[in-house]
Amino acid sequence: MRTSISYLRVISAVACVFAVVPAFADDASRNKEIQERFAKCDVNQDGKLTLDEAKGCMPRIYDHFSRIDEQSKGYVTVAQIEAMAAR
């Protein structure tokens, strides 16, 4: 009886791990894509993406720029874009 309970616990734990791993993989690949596109679009390589830089390069960021730039600084960072994408 104890052995079957132990097996059930192991199987449940393994199932939980496999259920969570794809979510992290998706987040990691999404963030990698965001970082690569951001680097390509950040023409002056200052770590800030302005509305003009986003215009032709990251259209979804351009369309939602004011929502991402909550403090109206005139630029967004890769961290802000990743945070918005995670929501």
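The values are calculated or read from the model by the stated rules, or taken from the named source; none is laboratory data. It should be emphasised that the depicted structure is a prediction, and the values quoted were computed from it without experimental measurement. Here Cβ is always computed from backbone atoms with ideal geometry, including for glycine, and neighbour counts include all displayed protein chains.
Per this entry, residue 5 is not counted among residues that are out of contact with any Lys or Arg (no Cβ under 7 Å at 6 or more places or on another chain), of a type in the set (A, V, I, L, M) and at pLDDT 90 or above. When residue 22 is tested against (1) modelled with pLDDT under 95; (2) more than 12 Å from the chain's Cα centre (by Cα); (3) closer than 30 Å to residue 70 by Cα, only condition (3) is not met. Considering only the range 31-45, I want to know if a residue exists there that is loosely packed, with under 11 Cβ neighbours inside 10 Å, modelled with pLDDT of 95 or more and outside any helix (DSSP H, G or I). Scanning the range 31-45 turns up at least one residue that is loosely packed, with under 11 Cβ neighbours inside 10 Å, modelled with pLDDT of 95 or more and outside any helix (DSSP H, G or I). Note on the range 46-87: among residues that are among the polar types (S, T, N, Q) and not in a helix (DSSP H, G or I), the one that is surrounded by the most Cβ atoms within 10 Å (Cβ to Cβ) is 50.
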